[in-house]
Amino acid sequence: MDADLSSSWDMDDEYEKLIKRMNPPSVVMDNEACKNATVIRVDSANKHGILLDVVQVLTDLNLIITKAYISSDGGWFMDVFNVTDQDGNKLQDEGILDYIRKSLGADSDFIPTRNRSVGVESVTDHTAIELTGNDRPGLLSEVSAVLTDLKCNVVSAEVWTHNTRAAAVVRVTDESSGSAITDPHRLLRIKQLLCNVLRGNNKIREAKTVISNVEINTDRRLHQMMFADRDYERADDYIQKRPSVTVVNWCDKDYSVVTIRCKDRPKLLFDTVCTLTDMKYVVFHANVDAEQPEAYQKQKGKG
């Protein structure tokens, strides 16, 4: 690694730690303020990417965010979330409440960084394979068959499809040892064969197979993969009922207002924040209301 780059990262880390010591994050959870939800308030010094990190912690716990108020104007970040469990109940499990405190509070190692991805940890017991290519019936079966022939055991797999394109994160181990696959020749063979499967009969659209050396949050990574693949470019023969999305640019105030109305579903806020983050926008004010069947999100952001 370049010495200057390494030194820059070290300085960034020390700066982040200093800011955290001076302005330790605060997490307050209240089961009395709202009749039908637990209110979670997060206060801390503002950092790029902090909103996505906080929403990801709540989403990873499979919590439902029914309302949210987001403010990160200036140097301070304050979010208020009304959340429930999957059954629509307040959070009573002390294990979950304690996990939120430790993940987002002053005693955590939760330090969002400007230069690294969310939730990074080393891959030690499996190999992560990232796939992007043409979607078609039976694609996952073909991928599984190739991996089986190559003596790979599939530990887990998640696949997203949109606009005739597919992205997947597949975790595999060596069939005989049960550990990660490290042989470079074998990994190259896996990449070559999977690229052929993903490309199919279409030689125009690109197919990619990447062996990942680090593991990040699967949903976050799939967002990045689909965005990089430009899945949002709608095919001429692809018809889909889209949500109502309006964008108003306030040039004199140097921000845009994005308003979204659509049917509510799990992880909707996470998906929205991921998309805006990937597009290099910063959300500094937002109101979210998903208590009705239709979700409403109004977000102010800067590019």
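The values are calculated or read from the model by the stated rules, or taken from the named source; none is laboratory data. Computed from a predicted structure; not experimentally measured. Positions of Cβ are backbone-derived with ideal geometry, glycine not excepted, and every protein chain shown enters the neighbour counts. Ligands, DNA and RNA are stripped out before the accessible areas are found, and what is left, the full protein with its side chains, is counted by its heavy atoms. Shrake-Rupley method; radii C 1.70, N 1.55, O 1.52, S 1.80 Å.
Brief remarks on what is shown
- The residues listed here are Leu97, Leu58, Leu91, Leu18; of these, the one that is under 28 Å from Val258 (Cα atoms), of a type in the set (A, V, I, L, M) and either modelled with pLDDT of 90 or more or not in a strand (DSSP E or B) (or both) is Leu58.
- Taken over the range 261-300, the residue count meeting the criterion of being buried (at least 19 other Cβ atoms within 10 Å of the Cβ) and part of a strand (DSSP E or B) is 7.
- Test for Val54: is it touching a residue at least 24 places away in the same chain (Cβ under 8 Å), under 25 Å from His223 (Cβ atoms) and either open to solvent by 60 Å² or more (accessible area, probe 1.4 Å) or of a type in the set (A, V, I, L, M) (or both): yes
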